[in-house]
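Every number here is computed from the coordinates shown, using simple stated rules; none is lab data. Fair warning: this is a prediction, and the values are worked out from it, not measured in the lab. When we count neighbours, we look across all protein chains shown, and the Cβ atoms used for this are built from the backbone with ideal geometry, even at glycine.
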Amino acid sequence: MLEVTDLDVSYGEARALWGVSLDIHANEIVSIVGVNGAGKSTLVNTIAGLLRPAAGRIRMDGKDISRVPSHLICEHGVAVVPEGRRILPHMTVQDNLDLGAYRHGARASRTKRLAWIHSLFPILHDRRHQAAGTLSGGEQQMLAIGRALMSDPKLLLLDEPSLGLAPVIVDTIFDVVTQLRESVSVCLVEQDINRALGISTRGYVLQEGRIVLADSSQKLLANDDVRRACLGV
Ligand code: ATP
């Protein structure tokens, strides 16, 4: 479904990704793990159309999306939950969710999708009339995921969903992400290798802008090199 081939990305003169290749199939959860600065957000932001690759190709269902700008990427079935969530704090929870449904094809199924998202995260129904900025960090992460799902994506890119959240909240969010696999593929970018590899089928280890290991999540979890690359132990 998603194919990334030989991707090079730079910030000015500084290269951040070197020949990155990966693929994600339908109904898969795939982890991308690595330490701070390994290039995880750069990879997500490039797939999301926020950064232009210097070289390489990104294809979604065979179509080249390497140069599709971020505001049109959802038309290709890709939805992003960025690091830091970026919800609109003064708008209500409901209005934030509705923003996710602006994609042309998603408007018709809005009511059905909303009911599904409320069933995944009941708190978003209970708090639907509240300003989003009054939600806790965990609830805001749920809202950011719900908003992305409103666009009816085939692929959900999650950038560090556990960042800054209490373990019990992370458990709830990861339980829901596990359930999503029936409806959508997930690319899970995380520093928490145990949690990410614990719910994904496959994983890639990113180190200094390069993919250094790719394997089943089970094998990566048992591999000491992964701990060395991701935790420095
Ligand atoms: P984190 O977990 O801290 O977000 P990461 O694995 O997502 O780390 P990136 O944020 O993609 O890593 O950073 C990869 C490299 O690119 C790092 O060396 C970083 O300093 C550099 N970088 C990231 N954003 C910029 C930018 N806007 N301008 C210049 N260099 C950047």
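Below is a table of values for the structure above.
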{"read-out": "Hydrodynamic radius by Kirkwood, which averages 1/r over all alpha carbon pairs of the stretch 25-72, in angstrom", "value": "12.0"}
{"read-out": "Pairs of Cα atoms farther than 18 Å apart, the stretch 96-157, %", "value": "28"}
{"read-out": "Karplus (6.51, -1.76, 1.60) ³J(HN,Hα), θ = phi - 60°, over the stretch 176-187, in Hz, Gly and Pro reported as x", "value": "5, 4, 4, 5, 5, 3, 5, 10, 8, 7, 10, 10"}
{"read-out": "Amide H within-cut-off set for ARG202, under 5 Å, with H built and near neighbours excluded", "value": "ILE29, SER31, SER217"}
{"read-out": "Amide H contacts under 5 Å for LEU213, placed H, 5+ residues apart", "value": "VAL205"}
{"read-out": "Solution diffusion estimate, µm²/s, Stokes-Einstein, the chain, Kirkwood Rh from C-alpha pairs, 20 °C, viscosity 1.002 mPa s", "value": "120"}
{"read-out": "Loop sites in the stretch 126-233: GluC sites (Glu not before Pro), DSSP, at most 10 other Cβ within 10 Å", "value": "GLU182"}
{"read-out": "Residue exposure sequence - LEU158, LEU2 - by fewest surrounding Cβ within 10 Å", "value": "LEU2, LEU158"}
{"read-out": "Cβ-placed point charges (K, R +1; D, E -1), dipole of the chain about Cα centre in debye, nearest 20", "value": "500"}
{"read-out": "Directionally averaged shadow of the stretch 1-40, computed from the convex hull of its alpha-carbon atoms, nm²", "value": "3.2"}
{"read-out": "Cα-based Rg of the stretch 158-200 normalised by 2.2 N^0.38 Å, two decimals", "value": "1.06"}
{"read-out": "Amide proton proximity set for ASP61, modelled H, under 5 Å, gap of 5+", "value": "LEU2, GLU3"}
{"read-out": "Diffusion coefficient, µm² s⁻¹, Stokes-Einstein with Kirkwood Rh over alpha-carbon pairs of the stretch 179-233 at 20 °C and 1.002 mPa s", "value": "184"}
{"read-out": "Debye-sum result for the stretch 1-113 in log10 I(q)/I(0), which assumes one identical scatterer on each alpha carbon, at q = 0.12, 0.23 Å⁻¹", "value": "-0.50, -1.37"}
{"read-out": "Linear extension gain, ALA26 paired with THR92, 0.36 nm per residue minus alpha-carbon span", "value": "20.5 nm"}
{"read-out": "Fewest-first sequence of VAL186, VAL226 by Cβ atoms within 10 Å of each Cβ", "value": "VAL226, VAL186"}
{"read-out": "In Hz, Karplus ³J(HN,Hα) per residue of the stretch 80-86 (6.51, -1.76, 1.60; θ = phi - 60°; x = Gly, Pro)", "value": "10, 10, x, 4, x, 6, 6"}
{"read-out": "Packing-based exposure ordering (other Cβ within 10 Å, fewest first) of MET150, MET91", "value": "MET91, MET150"}
{"read-out": "Interatomic Cα distance distribution for the stretch 55-160, bins of 10 angstrom, percent", "value": "15, 46, 29, 9, 1"}
{"read-out": "log₁₀ of I(q)/I(0) at q = 0.09, 0.10, 0.14, 0.23 Å⁻¹ - the stretch 104-233, Debye sum with one point per alpha carbon", "value": "-0.31, -0.37, -0.69, -1.41"}
{"read-out": "Proximal lysines to LYS63, defined as alpha-carbon separation beneath 16 angstrom and excluding residues fewer than eight positions away on the same chain", "value": "LYS154"}
{"read-out": "Mean shadow area of the stretch 126-191 over all directions, Cα convex hull, nm²", "value": "4.8"}
